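Have a look at the structure below, then the notes.
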Amino acid sequence: MTVTRVTPGVVAHPVGRTRALVGTVGKEPTVATQRLLRLMRTGATDRAIARELDVSLRTLNRRIARLQSLLGVQSRFQLGVLAAELEWLAVVPPQQAVGE
């Protein structure tokens, strides 16, 4: 993969990388991942997000770090941009109950 340096410390991913990632991320996004990303999108603090998810702050940070590693990004901003490009933040209509 070729990495483009825009300014010192800022890395941009090449066009088309999102397509390549689709096959490498396995079963993501899970419902839990989508919920985490939606909470992050609100701008809530880590403490508030951890409380909402009923996990420790350390667990929350590990989950975010795992997503960053999975997607090959270095910052939460990049994580959000790439999640949006992969349409992980798309609103999914609720499924109808069985038998309806």
Just the residues that are out of contact with any helix residue (DSSP H, G or I) (no Cβ under 8 Å at 6 or more places or on another chain) and of a type outside the set (G, A, S), please, taken from the stretch 29-46. T30, V31, Q34, R38, T42, T45
Filter result (modelled with pLDDT under 55 and either over 20 Å from A90 (Cβ atoms) or not in a loop (DSSP other than H, G, I, E, B) (or both)) within the stretch 17-53: T18, R19, A20, V22
The stretch 54-91 - residue that is in a loop (DSSP other than H, G, I, E, B) and open to solvent by 100 Å² or more (accessible area, probe 1.4 Å) and, of those, modelled with the lowest pLDDT: V91
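The values are calculated or read from the model by the stated rules, or taken from the named source; none is laboratory data. Everything quoted here is computed from the prediction, not taken from an experiment. Glycine gets a Cβ as well: all are built from the backbone with ideal geometry, and neighbour counts include every protein chain shown. Each accessible area value is taken on the protein alone, full model and side chains, heavy atoms only, with ligands, DNA and RNA left out. Shrake-Rupley method; radii C 1.70, N 1.55, O 1.52, S 1.80 Å.
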